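Notes to accompany the following structure.
Just so it is clear, none of the values below were taken in a lab; they were calculated from the coordinates. What you see is a predicted model, and the numbers here were worked out from it, not measured in a lab. Every residue, glycine among them, receives a Cβ derived from its backbone with ideal geometry; neighbour counts consider all protein chains shown.
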Amino acid sequence: MLFLGKSLISLWFRKLLRIVKYLIILALSLVILFAYAPVPVTGVMIERQIQALWNNHTSYEVQHDWVPFEHISAAMKQAVVAAEDQKFPDHYGFDTAAIEKALVYNSKGQKVRGASTISQQTAKNVFLWTGRSWFRKGLELVFTGLIELCWGKERILEVYLNSVEFGPGVFGVEAAAQKFFKRPASKLSRHQAALLAAVLPNPLRFKVQSPSPYIAKRQQWILKQMRQLAPIEKRLTAG
């Protein structure tokens with residue numbers, strides 16, 4: 001009986017290792033594929049659809065249209081970097097100084113401050129799901145390292161802008177530009193880009209159509225940061 005038990009454990013362990021191996025191969029294959037091909041659907045899109053089905057929200061519909069990097073206005077690229085990750089061209093996926101500050105801040109109060117870079121957010125949006133579990137965070141670190149290694153900064157920013165959530169069911173800057181401003185992403189003005197970037201901390205709570213005083217103030221702060229930062233496209237080229 002003891003021998004049989006050990007045999008079963010060994011069998012299940014080998015099966016588990018085989019599953020892990022296949023998952024690693026799948027993950028690496030997707031990272032390499034999406035280094036070149038448009039991302040048709042993301043982990044967060046799938047998560048939102050499952051949540052809608054679970055909550056019986058039958059009217060939920062994903063709006064998503066992929067556009068190349070050159071078809072996104074320079075203002076939009078500048079706005080998200082100014083709002084979300086001003087050191088984006090300079091780090092290797094992680095902003096250690098921001099992480100240290102967030103840890104100190106979070107240890108003092110009940111509110112939680114994040115320190116995710118655009119690279120980390122892209123890894124989460126495309127390959128994973130939302131939430132704050134350590135398991136998901138660990139996977140996020142792995143995927144962040146992989147996309148930094150395989151994609152490069154311009155591709156990461158392109159995928160980020162095409163996958164980030166701007167509102168319920170609205171994914172990517174082209175869908176957001178069409179829905180909220182009735183124009184393509186290539187024609188977004190600085191004020192429109194700053195407003196879209198302003199809602200990114202919580203696009204399910206903050207509304208582009210009816211911005212709160214907080215969002216209006218954040219939009220003005222982003223516009224100021226956009227003026228002060230060197231153009232992101234030049235910074236990416238220089239890097």
- Message: Only Cα pairs within less than 10 Å get springs; with that Gaussian network setup on the chain, which residue of F135, F69, F206 has the largest fluctuation?
- Response: F135
- Picking from S212, V199, T130, whose Cα lies most toward the positive end of the charge dipole for the chain (charges on Cβ: Lys, Arg +1; Asp, Glu -1)? S212
- Task: Give the angle, between 0 and 90 degrees and rounded to the nearest 10, that separates the Cα long axis of helix 96-106 from the longest principal axis of the Cα atoms of the chain.
- Result: 90 degrees
- Task: List the longest stretch of the chain that has no exposed loop site; here a site is one of the trypsin sites (Lys or Arg not before Pro) assigned by DSSP to anything other than H, G, I, E or B, with at most 16 other Cβ within 10 Å.
- Result: 1-86
- Message: Only Cα pairs within less than 10 Å get springs; with that Gaussian network setup on the chain, which residue of E148, E70, E140 has the largest fluctuation?
- Response: E70
- Message: Counting each pair of different Cα atoms once, what's the Kirkwood radius of the chain in Å, rounded to one decimal?
- Response: 19.3 Å
- Note on the structure: So the angle from the long Cα axis of helix 213-228 to the longest Cα principal axis of the chain, reported in degrees to the nearest 10, equals 80 degrees
- Message: If I build a Gaussian network model for the chain, linking alpha-carbon pairs within less than 10 angstrom, which residue out of T144, T130, T58 has the largest mean-square fluctuation?
- Response: T58
- Going through K15/K137; K87/K207; K137/K179; K21/K87; K77/K207 one by one, the pairs whose alpha carbons sit over 30 Å apart turn out to be K137/K179; K21/K87
- Globularity ratio of region 177-235, using Cα Rg and 2.2 N^0.38 Å: 1.15
- Q63's amide H: which non-local residues (gap 5+, or another chain) put their own amide H closer than 5 Å, with H modeled 1.01 Å from N in plane and none for Pro or chain starts? V170, F171
- Set Lys and Arg Cβ to +1 and Asp and Glu Cβ to -1, take the dipole of region 1-71 about its Cα centre, and tell me which of S10, I50, Y36 lies farthest positive. S10
- Item | Test item: Cα-centred dipole of the chain, Lys/Arg +1 and Asp/Glu -1 on Cβ, debye | 600 debye
- Roughly how tilted is helix 118-127, in degrees to the nearest 10 and between 0 and 90, from the longest Cα axis of the chain? 50 degrees
